[in-house]
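Reading through the structure tokens given below for one structure.
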Amino acid sequence: MPQADAVVFAVLAAASYPAHLLADHPFQSSDWAAAKGGCDHAGRMACTKHVMVVVTFQAVAVLAVVAVTGLSVNPAAVVAGLTLTAWSHWWFDRRFTAAGLYEAIGKTGFATLGAPRPGHDDAPHLGTGAYRMDQDWHTAWVAISALVMASAGLMLAVLVGIAAIVMIAAILASRHGRRRLAAA
């Protein structure tokens, strides 16, 4: 089975991570950030717009690095990697999905660390447990996507399959966790 190219993986991960950070923070509008977790059309659209920026930034970073360095990549692998970025980012940023996953893996307490008390705006800092886990999730998927983009042939199919299984497992765990939260 052909392996993924370690150099291509490292270079694409290094290019994708700052692109993700820029898209996830300074280039995400405050309106999108506030609305993307809503369980309505406006929430879905805000999240979609945000993820379009994330994927665009990562695509530009990947294409720029490939153009400047002459790295050889499989175009189908790049599309697959960016598709995984879009899927994983959109799903997690819907917030209720993340809350269900936190419950399913026993991290609801950590997720609420640093959050303001109900009815108060008394958390004058950047970051909560939920924010930390959000960034950890996205960083993991930046690495997974870079590994997919560095692969070809059978390895590409295997990695995409494994990534899809991981996403499906997270979705199912989140649904289980949301049911537990609703019953509590």
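FYI, it's all coordinate maths here, none of it is from the lab. Here the structure is a predicted model, which means the values were calculated and not measured. Because the Cβ atoms are built from the backbone with ideal geometry, glycine has one as well, and the counts that use them run over all protein chains shown.
Here are the numbers for this structure:
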{"item": "Potential extension, Ala157-Arg95 segment - 0.36 nm per residue separation minus Cα distance", "result": "19.4 nm"}
{"item": "Between helix 153-183 and the chain: long-axis angle, C-alpha atoms, 0 to 90°, nearest 10", "result": "0 degrees"}
{"item": "Descending semi-axes in Å of the chain, equivalent ellipsoid built from Cα gyration tensor", "result": "31, 19, 14"}
{"item": "Full-stretch length increase - Cys39, Ile171 - with 0.36 nm per residue and alpha-carbon distance subtracted", "result": "45.9 nm"}
{"item": "Computed E for Ala67/Arg180 - FRET, C-beta separation, R0 45 angstrom, nearest 0.05", "result": "0.40"}
{"item": "Residues Ser72, Ser151 arranged by fewest to most Cβ contacts within 10 Å", "result": "Ser72, Ser151"}
